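Right, one structure below, let's go through it.
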Amino acid sequence: MIEIRWAKLEDAQDLGFVHSESYRAAYKGIIPDEYLNQCTPIVRERYFYKALIQGTEQIAIMLVDNKAVGCMILKACSDIDLQQCGGEISAIYLLQNYRGMGLGKHLLNWGIDKFKELGYGIAFLWVLKDNKNAIRFYEYQHFLCDGTERQIYRGRNLIQIRYQKTLI
């Protein structure tokens, strides 16, 4: 049975595990190992615990047969050019053993439905330019690169590109 719901404080440990494991798997060979090794379940659990208390982000958890396998963070747009109409998917992760089963699409569509309920006309996200698997996934889900880039530092300088999808 698949369940997606808004996370609760008691989900912080599961979120920390899912995020850290998924993050390290997704970025292996892209982000330096020294940086990835800092992304531990305990570090991420603390992040999610604090975020759930503060309520600044909307955090969803995906469960398969009552086991946490995915998570997603949604928030109001922070990019000035999309602030009025866009919602941002700031993170979406799925444990590696659960990829390729349609669960990522299911989780992504759940988030898009939440944005539609809030009246957003655009969903957008940032993806590392070197993350070809994620780019293929987002393009298959009809997200389009809008040409906007930014540099971030994750143990080295990396380029992110922005993808968006019209919801109306």
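Of note:
- Listed here are the strands (runs of 3 or more DSSP E) enclosed by the range 75-163 that have at least 1 residues being within 17 Å of the chain's Cα centre (by Cα), modelled with pLDDT under 95 and surrounded by 12 or more Cβ atoms within 10 Å (Cβ to Cβ): 86-94, 122-128.
- Whichever residue in the range 80-96 is of a type in the set (S, T, N, Q) and touching a residue at least 12 places away in the same chain (Cβ under 8 Å) and, among such residues, is nearest to residue 138 (Cα to Cα): 90
- Scanning the range 132-164 for residues that are closer than 15 Å to residue 90 by Cβ, touching a residue at least 40 places away in the same chain (Cβ under 8 Å) and not small (Gly, Ala, Ser) returns 154, 162, 164.
- Hits in the range 45-74 - residues which are of a type in the set (Ser, Thr, Tyr) and either part of a helix (DSSP H, G or I) or touching a Cys at 6+ places or on another chain (Cβ under 9 Å) (or both): 47, 49
- Selected residue [over 12 Å from the mean Cα position of the chain (by Cα), surrounded by 17 or more Cβ atoms within 10 Å (Cβ to Cβ) and either assigned to a helix (DSSP H, G or I) or free of Cβ contacts under 8 Å to residues at least 60 places away in the same chain (or both)] from 10, 21: 21
- Of all residues in the range 56-74, exactly one satisfies the criterion of being surrounded by 15 or more Cβ atoms within 10 Å (Cβ to Cβ) and without any contact (Cβ under 8 Å) to a residue 24 or more places away in the chain, namely 73.
The values are calculated or read from the model by the stated rules, or taken from the named source; none is laboratory data. Bear in mind that the values here come from a model prediction, so they are computed numbers and not experimental data. Here Cβ is always computed from backbone atoms with ideal geometry, including for glycine, and neighbour counts include all displayed protein chains.
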